[in-house]
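The values are calculated or read from the model by the stated rules, or taken from the named source; none is laboratory data. All values derive from a computational prediction rather than experimental measurement. FYI the Cβ positions are ideal-geometry reconstructions off the backbone, even for glycines, and counts take in every protein chain you see. The area values use the complete protein model at the heavy-atom level, side chains included, leaving out ligands, DNA and RNA. Shrake-Rupley method; radii C 1.70, N 1.55, O 1.52, S 1.80 Å.
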Amino acid sequence: MLKTAIRVMKGSKLLLLVGLISLLDTGGAAAQTTSGADAFTQNRRLGRGVNILGYDPIWWSRERGRFKAEYFQKLKAAGFNSVRINLHPFRFMNRTNDWKLQPAWLETLDWAVNEAQKQGLAVILDLHEFNAIGDNPTGESKEKLFAFWWQISAHFQQAPTTVCFEVLNEPFGKLTPELWNEYFAELLVLIRKTNPTRTVIVGPGHWNAISHLEQLKLPEDDRNLIVTVHFYEPFAFTHQGTSWTDRKDKLGFDWKGTPEEIAAINQAFDKAVAWSKSTKRPIFVGEFGAYDRGPMNSRVRWTAAVARAAESRGWSWAYWQFDSDFILYDVKKEAWVEPILNALIPKSP
Ligand code: BGC
């Protein structure tokens with residue numbers, strides 16, 4: 001397995017070296033079975049979360065950042081338990097530098113992880129380069145994918161157990177469910193070299209769809225895995241008016257919370273429950289949300305219904321997303337989008 005991990009990084013001297021050193025360090029031991037925190041306990045710690053920083057200019061320069069340190073405190077105070085940090089590192093990695101992550105990029109990441117931890121928020125490091133990898137899973141993207149996890153695994157080796165690694169957001173396209181199973185198995189071996197007890201998050205192919213859980217193959221002996229699914233159904237409602245889908249000019253969809261509509265959520269979630277029971281894996285709804293151009297009262301109903309449906313099954317969740325679009329917090333006004341916040345974290349009576 002390790003040989004395979006090294007093979008995919010051919011041409012990357014630095015990382016080949018890292019690979020060989022780690023092989024020597026462990027005496028060439030095969031992937032270790034993890035003990036560490038129980039995945040179900042870890043999943044409960046993730047609790048209620050939110051996706052952050054994915055489309056923030058902060059990654060280019062700290063001064064241009066929209067996200068401020070105080071937002072971690074605001075999130076905690078509002079009742080959130082975790083943040084899922086959406087990472088797009090590929091644009092800052094290049095072959096001439098052996099795919100090395102830039103120090104400035106890593107400093108920004110360290111800042112975010114430390115600030116979140118200071119507030120007692122659990123952290124998910126989510127590699128969000130699904131487009132690059134889904135469009136072309138071999139060649140350069142694959143090298144970057146493996147190089148990224150070599151470096152992040154080493155960098156966060158000593159991080160607290162409340163930092164989790166999510167190997168790849170929404171595998172899709174040419175990264176077929178079968179190929180994704182192969183990649184994930186190799187990546188997990190690589191991560192376990194330095195992080196034998198780290199909780200790792202992984203989701204099925206086809207954009208982390210519940211309907212593709214059956215195709216996800218996980219190593220039986222690694223029990224420190226949380227399985228993630230994304231939920232944006234009905235798509236015509238959640239993605240109305242989005243420029244990156246075929247729903248650009250299709251507006252005016254309501255979600256009234258009729259028995260049929262509620263049943264559709266329950267049906268989808270119960271499929272995941274059945275899979276979770278048979279595989280004994282905990283479930284994390286890593287993304288769900290309804291785009292800003294939909295009617296607010298419908299968005300509120302849908303958001304609350306999905307969050308409660310997940311919670312009633314003992315799952316954790318992360319709302320998509322804090323800033324940028326589907327917004328939970330209005331950075332310009334320095335104010336929560338109250339209806340969405342209340343839908344996510346209901347005020348106690
Ligand atoms: C993507 C976003 C998109 C969202 C909802 C995320 O995984 O990164 O660009 O807005 O899904 O479609």
Output for the stretch 165-193, where each listed residue is β-branched (Val, Ile, Thr) and either open to solvent by 10 Å² or more (accessible area, probe 1.4 Å) or over 17 Å from LEU127 (Cα atoms) (or both): THR176, VAL189
Taking PRO196, is it within 16 Å of the ligand (Cβ to nearest atom) and either buried (at least 23 other Cβ atoms within 10 Å of the Cβ) or in contact (Cβ under 8 Å) with a residue 60 or more places away in the chain (or both)? no
As an exercise: evaluate PHE284 against (1) within 25 Å of the chain's Cα centre (by Cα); (2) farther than 20 Å from ILE345 by Cβ and give the number of the one condition it does not meet. (2)
Scanning the stretch 50-71 residue by residue, the ones that are closer than 15 Å to LEU106 by Cα, hydrophobic (A, V, I, L, M, F, W, C) and not in a helix (DSSP H, G or I) total 2
Could you list all residues from the stretch 330-348 that are more than 13 Å from PHE80 (Cα to Cα) and part of a loop (DSSP other than H, G, I, E, B)? VAL331, LYS332, LYS333, GLU334, VAL337, SER348
Residue that is farthest from the ligand (Cβ to nearest atom) [pool: residues in the stretch 285-310 that are over 18 Å from ILE124 (Cα atoms), in contact (Cβ under 8 Å) with a residue 60 or more places away in the chain and not aliphatic (A, V, I, L, M)]: SER298
Among the residues of the stretch 227-260, the number that are closer than 19 Å to LYS271 by Cβ, in contact (Cβ under 8 Å) with a residue 24 or more places away in the chain and more than 10 Å from the ligand (Cβ to nearest atom) is 6
Among the candidates ALA116, ALA122, ALA112, ALA104, which residue alone is farther than 23 Å from PRO57 by Cβ and modelled with pLDDT of 95 or more? ALA122
Per the list (1) open to solvent by less than 40 Å² (accessible area, probe 1.4 Å); (2) aromatic (Phe, Trp, Tyr); (3) in contact with a Lys or Arg (Cβ under 8 Å, 6 or more places away or on another chain); (4) farther than 22 Å from LYS144 by Cβ, residue check on TYR232 breaks on (3)
For the stretch 311-326, enumerate the residues that are assigned to a loop (DSSP other than H, G, I, E, B), in contact with a helix residue (DSSP H, G or I) (Cβ under 8 Å, 6 or more places away or on another chain) and open to solvent by less than 40 Å² (accessible area, probe 1.4 Å). TRP315, PHE322
On the basis of being part of a helix (DSSP H, G or I) and out of contact with any Phe, Trp or Tyr (no Cβ under 7 Å at 6 or more places or on another chain), does LYS74 make the cut? yes
